[in-house]
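The values are calculated or read from the model by the stated rules, or taken from the named source; none is laboratory data. Source: prediction; values computed, not measured. Note that we place each Cβ from the backbone using ideal geometry, even for glycine, and neighbour counts take in every protein chain shown. Keep in mind that these areas ignore ligands, DNA and RNA; they rest on the heavy atoms of the full protein, side chains included. Shrake-Rupley method; radii C 1.70, N 1.55, O 1.52, S 1.80 Å.
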Amino acid sequence: MAGTLAGAGIVWQTPANPPEAQDYIFHNGRRYVRPYYFEFISHVKNRWAEKTIVDLFTEEFKGRPREYYAHAVKCGRLQVDEQMVHADYIVKSSQKISHFLHRHEPPVLGGNIVILQNEVDVVTVCKPASVPVHPCGQYRKNTVVGIMQAEHGLAPLFPVHRLDRLVSGLLIFAKSADRAESFRQQIEANLLQKEYVAKVVGVFPDGERTVDANVNFNAREGRSTVEVCDGSGKALPSGKQACTKFQRICTDGNHSIVLCKPVTGRTHQIRVHLKHIGYPIANDELYLSGNFCPRSSKGTSINRATSLACSSLSSDPDCAAEADLEFDIDAMCTNCPNLAPVGYDGDEEGLWLHCVRYTGPDWSFECPYPDWTSLDNVSRKKMKS
């Protein structure tokens, strides 16, 4: 439930506050979240104990400078057990720490989340690329779960499977914990079949091709690698067994549309298996080369004194809604006057990887193909090599 910080006159949201339709701002093809005041709650871990509260936040949460945290403690925006403390306060294990801040969520692509089927206990949607499935990291309202609640009143929703943030396509939600458990049991019993389409570099060979190669995900780097076998032919122990089946749908001589059937479900499995066999996804910057391209750090600046006129935006019929870019500026916020958090420039595009079908023992759900599967010089039919 929302609360008010003593003496500040600011209403602070918590995870209990549901997203609402008016929370979103659409601008230049992106969906933004109007910045809002939020209470982050954490509890002191054993390795955090016996540190000063300022040292703790400076070392563990590096997105803001030490001066910010010192000022936040002084102003009561960093509290311990709901009490103001001084900058030299030593935290103890299990204590509750509240960080009250002006929250800016990263933007996502502005496409609608289309409901495909809405049944008694299941709802399926076409997830736009760049939108996370559920709250994680800096994303809370700008998620499929948040948007479905804000725009369609559907809550709670239980994701049956995951799609990476940059991947689009079919997403299945159970409407109850019991139905979610039924899906989970089918997944554990390997009773589900999954199908994706990808746009890859080059002319993919005709016929079905199976890639059976272990995948090792490096969480620190945010990327996977295919395991290299040692001289004895045994895979290195750190990778997880992974298998994907591929079949070409069509090609124009420069790119190919490929049907991908992952037998297992490892992180970035389809992406790294395609790279492994020499046909990476054509706009996958993470796997097209050995160099990872981080986000731009330019940010998205919205002048604190300027409200953009409708004429300066695109000719979208919803121009009036896009022009509503005003939001509260917070004097302590390290992101204001930007609309997006520092580090996001709004140039991100979706990956050419799309989930089209999930099939279970007695059910099947599908999602339409995206526009990028229609190559310029061919119709969607198999071409002979």
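Here are the numbers for the structure shown:
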| quantity | calculated |
| --- | --- |
| Residues located in the range 95-123, provided they are part of a loop (DSSP other than H, G, I, E, B) and in contact with a strand residue (DSSP E or B) (Cβ under 6 Å, 6 or more places away or on another chain) | 95, 105, 107, 110, 113 |
| Any hit, the range 187-205, residues being among the charged types (D, E, K, R), in a helix (DSSP H, G or I) and open to solvent by 40 Å² or more (accessible area, probe 1.4 Å) | yes |
| Subset tally (residues that are open to solvent by less than 10 Å² (accessible area, probe 1.4 Å) and in contact with a Ser or Thr (Cβ under 8 Å, 6 or more places away or on another chain)) for the range 81-106 | 2 |
| Index of the failed condition, residue 27 passing every other in (1) within 21 Å of residue 89 (Cα to Cα); (2) touching a helix residue (DSSP H, G or I) at 6+ places or on another chain (Cβ under 8 Å) | (1) |
| Any hit, the range 348-361, residues being over 23 Å from residue 174 (Cα atoms), open to solvent by less than 20 Å² (accessible area, probe 1.4 Å) and assigned to a loop (DSSP other than H, G, I, E, B) | yes |
| Pair list, Cβ < 7 Å and 6+ apart or interchain, from the range 135-159 residues that are free of Cβ contacts under 8 Å to residues at least 40 places away in the same chain to residues that are part of a helix (DSSP H, G or I) | 154/148; 157/145; 157/148; 158/177; 158/180 |
| Any chance residue 208 is open to solvent by 50 Å² or more (accessible area, probe 1.4 Å), closer than 18 Å to residue 288 by Cα and of a type outside the set (Val, Ile, Thr) | no |
| Cβ-Cβ under 6 Å pairs, at least 6 apart or on other chains, the range 81-100 side free of Cβ contacts under 8 Å to residues at least 60 places away in the same chain and under 17 Å from residue 40 (Cα atoms), far side of a type in the set (A, V, I, L, M) and open to solvent by 30 Å² or more (accessible area, probe 1.4 Å) | 98/41 |
| Answer from 63, 110, 29, 76 - the residue that is in contact (Cβ under 8 Å) with a residue 40 or more places away in the chain, farther than 27 Å from residue 166 by Cβ and not aliphatic (A, V, I, L, M) | 76 |
| Test result for residue 361, at pLDDT 95 or above, of a type outside the set (Asp, Glu) and in contact with a helix residue (DSSP H, G or I) (Cβ under 6 Å, 6 or more places away or on another chain) | no |
| Test: residue in the range 133-140 that is open to solvent by less than 30 Å² (accessible area, probe 1.4 Å), at pLDDT 95 or above, within 27 Å of residue 360 (Cα to Cα) and part of a loop (DSSP other than H, G, I, E, B) | yes |
| Of the criteria (1) closer than 26 Å to residue 289 by Cβ; (2) without any contact (Cβ under 8 Å) to a residue 24 or more places away in the chain; (3) among the small types (Gly, Ala, Ser), which one residue 256 fails | (2) |
| For residue 96: the one exception among (1) closer than 30 Å to residue 152 by Cα; (2) touching a His at 6+ places or on another chain (Cβ under 7 Å) | (1) |
